[in-house]
Amino acid sequence: MIERSRWVPVLFILFILLFLELSAGPARCLPYDKDPVPAKAPVPHRLVLNTFSGEKILPHGIEVYSGKAIIQILALRDDVVRVRVGPDGALPEDASWAVLPAVRQERANITPESSERAVGFRTKSLRIQIDRATLRLSLTDLEGNVLQEDAGDWPVEFHDKSFRIYKQMPLDEHYFGLGDKAGALDRRNQTFTLWNTDAYNFQESTDPLYKSIPFFLTMRGGRSLGVLFDNTWCSSFDFGKEVDGVYSFGAEGGPIDYYLLYGPEPKRVVEHYAWLTGLPPLPPLWTLGYQQSRFSYENEEELRRVADKLRADRIPTDALYLDIDYQKNNRPFTVDPDRFPNFVPMLADLKKEDFHVVGITDLHIAALPHAGYAPYDTGVGGGHFVRNPDGSVFVGKVWPGPSVFPDFTQQSTRQWWGTLYFDLVSDGLAGFWNDMNEPSVFNTPDKTMPDDVQHRIAEAGFQPRVASHREIHNVYGMENSRATYEGLLKISPNLRPFVLTRATYAGGHRYAATWTGDNSATWNHLRLTTPMLENLGLSGFGLSGADVGGFIGTPSPELLTKWTELAAFQPIDRNHSEKGTAQREPWVHGPEQEDIRRRYIEERYKLMPYLYTVVEEMSRTGLPVLRPLFLEFPDATADKHPLDLDAGNEFLFGADLLVAPPPFPEKLDAYPVHFPPLDWYDYWTGERLKSAGKPSLMPVFVHPALDALPIYVREGSIVPMQPLVQSTEEIPPGPLLLRVYPGRDCKGSLYQDDGKTMEYKRGVFLRMQFACTTEGNSVKVHIGAHLGSYRPWWSKVQVEVYGLDSTASYTMVSGKADPSPVVADLSHHRVSVTISDDGHGSDLEISPQR
């Protein structure tokens, strides 16, 4: 038992810890706490919306009143509704950085419904009811399945400007999204804060991180609902950790404005989210190739040496990165003449070798008056920097030293920012990397701008006004990447920009790709990568990656090899590392490791037609490249819980390839691979796994090996591939390859264009559709005609048909004249034939010889 005198220092320490917790930057945003202020502080005014005062039926929805408060629910589509709350007698401003203006004006027809118990309406897909006694909102489908229902005695609660919304959390419901949060794929029983943070050396429990994407989707019984909480202030989400059986979300200020998006399929929810927040642009093809980076390749000689070695060792590569050391004294939009004395000729030489060079351009501008530094001089002259409350320009310390920060909430500032890229584009840089844009500031207590820094909103669709940094912080990085993207597009209107951003908000995928930030060279961070990228993809960022090998620290040879294998099947494949760490290029650790790494990078390039087709689909639908299993197979289990909860770190690369890395990659034990209930083919051997698709979902056990990454192809897939090239600029030397995996609903597609320009928007593209059917031991393959005006690189098509285990000889009994002989490769369970492709389509049949 502790003596009374010893309690004094213990209590003092506890009090200090509590004070630090409450006064720290992001930790101050804890609206899920009932009273997140010290006991001696003024008690916040509390307002609970749980009393029904009246109603008003609207042409496309309803308004319900609780005293002065207004709750408005509108149907934008039959399966998308918007909920807004105004506590003081007026709805909040109808403006958004995330949701497209035209979409917010969409409306669907409704049928009002009213009873003694509830008031509401229904659409062709949904029923919305508000309980007259409690003001609880419930959302169901037309069969009565509950999709979302308010919880508690006060479903909406205000504490002055902060508020919280409470929803019932069924035992069998699961939650996904919120961007690049670390930890498990399922958000259930976790809490999260959204406050963009320079989270250097983040770990599994670190929160918040770099991005604020307030969107998640629920999965229950195979049915999915999406929730977009459109609020830029510091916000938080609690999935049953505070109160058992209740999840909640809220913010420290700003509007209650959220959208409910019904599937029922999760793919449909993701498509709804893309409809609300916009589609990602089709990126340049080269951005899908292997990318080599480091903080930093510090001079011209080093960068040229790395480029030469990549080509000499025949490691396919498309991009090289320049971190801050290529700049003079770390000043954005400069080039150090001592380290890079031949910058323009160097870029030209690298371009001839088919390298695209990406340069970093952080958003902090060195505060250098009267020094001839144009970004500062023109920014001051145009009034483009954020200000302190007294009207002076805010100055904070970052890499260049004292720095000023553009006010990206002004359209004029974004336009000015875009002009700063003209010289670097003219020099030959192919893409740009916006880092440190949370924004990160070194010399402030919160490591970002102070709360009272002022932004002057001057943006179409917004009321002109001054906003505190507390309101703008979470969208600042997104508007930075927007300014970069739009500026590059203005400089080169017919070229597709490439922007990589670290911080962003919902809708930021319209302007930039992203990565998971400063990860670590550990096995655990390799394991964390997959769920982070899956949740980013569900949150709009289908083009995302993680620093291969880990940014912080030096990976072991085995870790770098396994990470390189996995990254070959992720949307962005960039090897990047920190100053002071050992070199990270594929050839380090000797030829045995390099051979394995090269083989997987080569496989990515062979799959480029498939990958580019998936990315083009993403640009039309919002569906990500890297997908959790439930996105394609929401009914894969008997009780329809997401199969991913059983399947370790398995994921889908596009719709057709299942990648099954070990759930704990450092362990040597055999592990189970779980399959959705179909037949699957081993990607490497061609063997058909007919037992894997039984309803019992019996797993296949895999023994891990350093050079092996298990990959499987779903039955009914036709996967387009190409001969090996060393970059996407190189014309593949041979026929288009179609891998045909017979099975139910057998089909595939291919998309091609020039990979660079906007000409595809004017019809200069190629689209093809494929199909197959099986009759006994014969397989019929249909190759569709070319659609679009783009002329492909191939004139012949090699068709490989898998799953033919017979030792019989095969022949093509129908098809194009003068085909090549049918070649059997029984070790890979396939037969192949090559035919000419004149663009008009072909039908062929491969059958055993009689």
Just one of (1) 25; (2) 38; (3) 46 is percent of Cα pairs over 47 Å apart calculated from these coordinates, so which is it?
(1)
With the Cα gyration tensor of the stretch 321-397 giving a ≥ b ≥ c as the square roots of its eigenvalues, does the rule (a/c under 1.5 for rounded; else a/b larger than b/c for prolate; else oblate) give rounded, prolate or oblate?
prolate
Would you tell me the accessible area of Lys761, worked out with a 1.4 angstrom probe on the heavy atoms of the protein chains, in Å² to the nearest 10?
140
At a temperature of 20 °C and a viscosity of 1.002 mPa s, determine how fast the stretch 68-160 diffuses translationally according to Stokes-Einstein, using the Kirkwood radius over alpha-carbon pairs as Rh; express D in µm²/s, rounded to the nearest whole number.
148
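Can you tell me the FRET efficiency between Asp427 and Ala460 if r is taken as the Cβ-Cβ distance and R0 is 56 Å, rounded to the nearest 0.05?
Taking R0 as 56 Å, the efficiency between Asp427 and Ala460 is 0.95.
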Applied in sequence order to the stretch 592-605, the curve 6.51 cos²θ - 1.76 cosθ + 1.60 (Karplus, θ = phi - 60°) yields integer Hz couplings, x standing for Gly and Pro, of 5, 5, 4, 4, 5, 4, 4, 4, 6, 5, 4, 5, 4, 5
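Place a +1 charge on the Cβ of each Lys and Arg in the stretch 313-425 and a -1 charge on the Cβ of each Asp and Glu, then give the dipole magnitude about the Cα centre in debye, rounded to the nearest 20.
Using Cβ point charges on Lys, Arg, Asp and Glu, the stretch 313-425 gives about 260 debye.
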Based on DSSP H runs of at least 4 residues, each adding -39500 (n - 2.57), what is the mean residue ellipticity at 222 nm of the chain after dividing by all its residues, to the nearest 500 deg cm²/dmol?
-6000 deg cm²/dmol
Cross-link candidates for Lys761: which aspartates and glutamates have Cα within less than 16 Å, leaving aside residues fewer than 8 places away along the same chain?
Glu616, Glu617, Asp753
Are any of the pairs Lys181/Lys579; Lys211/Lys756; Lys351/Lys447; Lys606/Lys640 more than 30 Å apart by Cα-Cα distance, and if so, which?
Lys351/Lys447; Lys606/Lys640
Using modelled amide H (1.01 Å from N, peptide plane; none on Pro or chain starts), what sits under 5 Å from the amide H of Val453, excluding residues fewer than 5 places away?
His469
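For His840 and Thr774, FRET efficiency with R0 = 22 Å and r from the beta-carbon atoms, rounded to 0.05? Each step should come with its number before you reach the end.
Working: r = 25 Å, r/R0 = 1.12.
Efficiency, rounded to the nearest 0.05: 0.35.
Please work out the FRET efficiency for the pair Val823 and Leu787, using the Cβ-Cβ distance as r and a Förster radius of 35 Å; give the result to the nearest 0.05.
The computed FRET efficiency comes out at 0.70.
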Less than 22 Å apart at the alpha-carbon level, and either on another chain or at least 8 residues along: which lysines does that give for Lys667?
Lys562
Please grab the % of Cα pairs in the stretch 51-106 that end up more than 19 Å from each other.
31
For the stretch 274-419, rounded, prolate or oblate, judged on the Cα gyration tensor with a ≥ b ≥ c (square roots of eigenvalues), a/c < 1.5 rounded, else prolate if a/b > b/c?
oblate
Mind checking which lysines have their Cα closer than 22 Å to the Cα of Lys68? Skip sequence neighbours fewer than 8 apart in that chain.
Lys56, Lys161
Virtual spin-label span in nm between Glu558 and Lys161, 7 Å along Cα→Cβ
5.3
Let me make sure I get this right: for the stretch 547-615, a, b and c are the square roots of the gyration tensor eigenvalues over alpha carbons, sorted descending. Under 1.5 in a/c it's rounded, otherwise prolate if a/b > b/c, else oblate. Which is it?
oblate
In nm, to one decimal, how far is the Asp308 label point from the Ala90 one, both placed 7 Å along Cα→Cβ?
6.8
Kirkwood-Stokes translational diffusion coefficient of the stretch 654-735, alpha-carbon pairs, 10 °C, 1.306 mPa s, µm²/s:
109
Among Ala108, Leu303, Gln583, whose Cα projects farthest towards the positive end of the dipole of the chain, with charges put on the beta-carbon of Lys, Arg (+1) and Asp, Glu (-1)?
Ala108
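The values are calculated or read from the model by the stated rules, or taken from the named source; none is laboratory data. This one's a predicted model, so the numbers in the text were calculated from it and none came from an experiment. Cβ sites come from the backbone with ideal geometry, for glycine too, and all protein chains shown count toward neighbours. Keep in mind that these areas ignore ligands, DNA and RNA; they rest on the heavy atoms of the full protein, side chains included. Shrake-Rupley method; radii C 1.70, N 1.55, O 1.52, S 1.80 Å.
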